[in-house]
Amino acid sequence: MLELRRLTKYFGGVRAVDGVDLTVAEGEILGLIGPNGSGKSTIINLICGLFPLTDGEVVFRGTDISTLPPHERVALGIARTFQNIRLFGQLTVWQNLWVAQKARGQGRGFLRGWLGGSRHDRVAIDKTLDFFDLGHKRDELAGNLAFGEQRRLEFARAFAAKPSLLLLDEPAAGMNAEEIDQLDARIRQLRREGVTIVLIEHHVELVMSVTDRIAVLNFGQKIAEGTPAEIQTNPLVREAYLGTQTAA
Amino acid sequence: MIDFLQNTIDGVMTGASYALLALGFTLIFGVMRRLNLSYGPSIMVGAYLGTLAHLHLAAGPLGVAAVTVAGAVLAGLYVERLCFAPMAAGAGIAAMVSSFAIWMQLEQAAILVLPRHTYPFPPLASATAWLGPFLLRLDQLIMLASALVLALGVQALLYGTRFGLALRAIIGNPTAAHLVGIDVRRATVLAFALASAVGGVAGFLVLASDAQVTPMFGMWATMKGLIAMMIGGLGSIPGALVGGLLLGVVEAQSQWYLGPQLRDLAAYVLLFACLVWRPGGLFGAAPVRDLARGRSL
């Protein structure tokens, strides 16, 4: 579904991402792990088009999307959440989903797209809010939500775009154990509904539990790839990441 | 007392035109955090096209209004393309300075192309009515009604439609807006066209009541709209309305009691007092200096 070919991004002299090849298959959950600064978030940013590539290609469903602007990639079905929450604080919870929602039937017409949206679309927003346990907060300003709720709203807003590929950038950061369990369940539910997911996460238990496959990055390069079990026993990974970062 | 009330009525009527100008201004500023000094001159371009349609094609008031609005929108998009589209985020000063250059360009073009300078502009309605001791002009009532209707309309658009929400999302966080799928470029251009159309309506109504258009109209419109917007609060729709009306009333009273020489001074004193006591304007959410740093509301 998604193929990264020799993906490369330099910031000045820093090789943030250095020739990474990575394939994400339809319907799978791929974990992307690595120490801080290893290039995980940069890869997500490159997939959604936040800044141009230095070299390489991003291929989505067989077409090269490397030069498309971000909003067109969203229209193709790629949505994301942010590591540092970026909600629209002055809009309500409901409105945050509304602006991001992909209207049914690709109704890109002016009236449908810009003025409102059908009843079906409104019901879909309410359903999404309920799924993320935010229904009771629908008319609150997003800026006034508690931290955990803001994380859920980020996730809900990305899902409202009806993505086929969802990029989650540290969705568990700052969450307690119970919230992480709920997150785990939601990710599994979305996969059952056919959404392909790329998950960046430092929370090792969550990654090991929910992903089908894991790619490990270090200094902008992919150093290992495999099932969670293979990654846990890979000596290179232990050295670069698991051994140093999670002594527990 | 009668004088004071009549001045207030006159001031509210004139203020309605300032409010309309401020409305367009605040829409551009609200969405893009950019000061468009060419706002008035682009309305002037529309007005000249309107008067030419009147002189050469015998267009009636509605035709002239349509041409004026369309011309203002086209000139506004020209300004957007030249001054605002190429400038990166954070280059607010550069965009403002280049909009000043386009102001001069449009003004000089009007002076060179139209050597007579002053052209007649078809009046909309010249009827007057006495309400007790007070004199009312029909064209000014139309102006007031238009200001109220357009302010309500713009407010409803910004707060009740997906387009308005998209604009407010862009104000809050342009990068996130782009990344959740909003076509920021298209929304910005639409907002600019809308602001220019509001300005075109303002220009048409003001000039129809003055019955003439000169190249100086551009500067006049920029100054009045800018002052009214700053009094009311940058980016605020109710602020544009109240700021415009207040400016009109203060001008009318000071003209009557202090004389025409001091009228403009009174307007600047009002602005100064506003900036000292309420730096964000009467309805502004954030002081001007914060907005200038690019902080979102």
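The values are calculated or read from the model by the stated rules, or taken from the named source; none is laboratory data. Given the structure is predicted, the values throughout are model-derived calculations rather than measurements. Using ideal geometry, Cβ is built from the backbone for each residue, glycine included, and neighbour counts are taken over all protein chains shown.
Here's a check for you: in the stretch B:64-95, which residue that is modelled with pLDDT under 90 and small (Gly, Ala, Ser) is surrounded by the fewest Cβ atoms within 10 Å (Cβ to Cβ)? Restricting to residues being modelled with pLDDT under 90 and small (Gly, Ala, Ser), the top hit is B:Ala88. For the stretch A:96-107, does any single residue satisfy the condition of being of a type in the set (A, V, I, L, M, F, W, C) and modelled with pLDDT of 90 or more? Yes: one or more hits.
Can you name the residue in the stretch B:194-224 that is crowded, with 24+ Cβ neighbours inside 10 Å and among the hydroxyl-bearing types (Ser, Thr, Tyr) and is also nearest to B:Ala72 (Cα to Cα) among such residues? The extreme case among them is B:Ser196. For the stretch A:24-56, which residues satisfy the criterion of being surrounded by fewer than 22 Cβ atoms within 10 Å (Cβ to Cβ) and over 15 Å from A:Ile200 (Cα atoms)? A:Ala25, A:Glu26, A:Gly27, A:Leu50, A:Phe51, A:Pro52, A:Leu53, A:Thr54, A:Asp55, A:Gly56 - these are the residues of the stretch A:24-56 that are surrounded by fewer than 22 Cβ atoms within 10 Å (Cβ to Cβ) and over 15 Å from A:Ile200 (Cα atoms). Among the residues of the stretch A:201-239, the one identified as surrounded by fewer than 17 Cβ atoms within 10 Å (Cβ to Cβ), outside any helix (DSSP H, G or I) and small (Gly, Ala, Ser) is A:Gly226. Determine whether the stretch B:212-221 contains at least one residue that is farther than 30 Å from A:Ala79 by Cα, at pLDDT below 85 and in contact with an Asp or Glu (Cβ under 6 Å, 6 or more places away or on another chain). Looking through the stretch B:212-221, none of the residues is farther than 30 Å from A:Ala79 by Cα, at pLDDT below 85 and in contact with an Asp or Glu (Cβ under 6 Å, 6 or more places away or on another chain). Of note, B:Leu158 satisfies the criterion of being under 18 Å from B:Leu190 (Cβ atoms), touching a helix residue (DSSP H, G or I) at 6+ places or on another chain (Cβ under 7 Å) and aliphatic (A, V, I, L, M).
Residues in the stretch A:157-177 that are assigned to a helix (DSSP H, G or I), aliphatic (A, V, I, L, M) and in contact with a helix residue (DSSP H, G or I) (Cβ under 6 Å, 6 or more places away or on another chain): A:Ala160 alone.
The single condition among (1) among the β-branched types (Val, Ile, Thr); (2) within 14 Å of another protein chain (Cβ to nearest Cβ); (3) in contact with an Asp or Glu (Cβ under 8 Å, 6 or more places away or on another chain) that A:Val59 does not satisfy is (2).
Hey, among the residues in the stretch A:85-94 that are surrounded by fewer than 23 Cβ atoms within 10 Å (Cβ to Cβ) and touching a strand residue (DSSP E or B) at 6+ places or on another chain (Cβ under 9 Å), which one's farthest from the other protein chains (Cβ to nearest Cβ)? So the residue we want is A:Thr92. Scanning the stretch B:1-59 for residues being closer than 21 Å to B:Met143 by Cβ and of a type in the set (D, E, K, R) gives a total of 1.
Report yes if B:Ser296 is polar (S, T, N, Q), modelled with pLDDT under 85 and surrounded by fewer than 24 Cβ atoms within 10 Å (Cβ to Cβ), otherwise no. In short, yes.
Quick grid of which residues meet (1) outside any helix (DSSP H, G or I); (2) free of Cβ contacts under 8 Å to residues at least 12 places away in the same chain:
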position: B:His117; (1), (2): yes, no
position: B:Leu124; (1), (2): yes, no
position: B:Trp130; (1), (2): yes, yes
position: B:Leu136; (1), (2): yes, no
position: B:Asp139; (1), (2): no, no
position: B:Ile142; (1), (2): no, no
position: B:Ser146; (1), (2): no, no
position: B:Ala151; (1), (2): no, no
position: B:Ala156; (1), (2): no, yes
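If the condition is being of a type outside the set (Val, Ile, Thr), without any contact (Cβ under 8 Å) to a residue 60 or more places away in the chain and more than 26 Å from B:Ile182 (Cβ to Cβ), then the stretch A:38-57 contributes A:Asp55, A:Gly56.
Pairing each residue of the stretch A:67-80 that is more than 9 Å from every other protein chain (Cβ to nearest Cβ) and under 12 Å from A:Ala161 (Cβ atoms) with any residue that is in a helix (DSSP H, G or I) and aliphatic (A, V, I, L, M), provided the two are 6+ apart or on different chains, yields C-beta distances under 8 Å for A:Ile78/A:Ile47. Would you be able to say whether some residue in the stretch A:172-184 is in contact with a strand residue (DSSP E or B) (Cβ under 8 Å, 6 or more places away or on another chain) and surrounded by 20 or more Cβ atoms within 10 Å (Cβ to Cβ)? No, because not a single residue in the stretch A:172-184 is in contact with a strand residue (DSSP E or B) (Cβ under 8 Å, 6 or more places away or on another chain) and surrounded by 20 or more Cβ atoms within 10 Å (Cβ to Cβ). The single condition among (1) within 23 Å of B:Leu52 (Cα to Cα); (2) away from every other protein chain (no Cβ under 14 Å); (3) within 15 Å of the chain's Cα centre (by Cα) that B:Leu245 does not meet is (1).
Could you check, for the stretch B:186-203, whether at least one of its residues is outside any helix (DSSP H, G or I) and away from every other protein chain (no Cβ under 14 Å)? No: the stretch B:186-203 contains no residue that is outside any helix (DSSP H, G or I) and away from every other protein chain (no Cβ under 14 Å). Kindly establish whether A:Val17 is over 22 Å from A:Leu190 (Cβ atoms) and buried (at least 21 other Cβ atoms within 10 Å of the Cβ). Yes: the conditions hold for A:Val17. What do you reckon, is B:Gly181 over 20 Å from the mean Cα position of the chain (by Cα), surrounded by 14 or more Cβ atoms within 10 Å (Cβ to Cβ) and within 14 Å of chain A (Cβ to nearest Cβ)? In short, yes.
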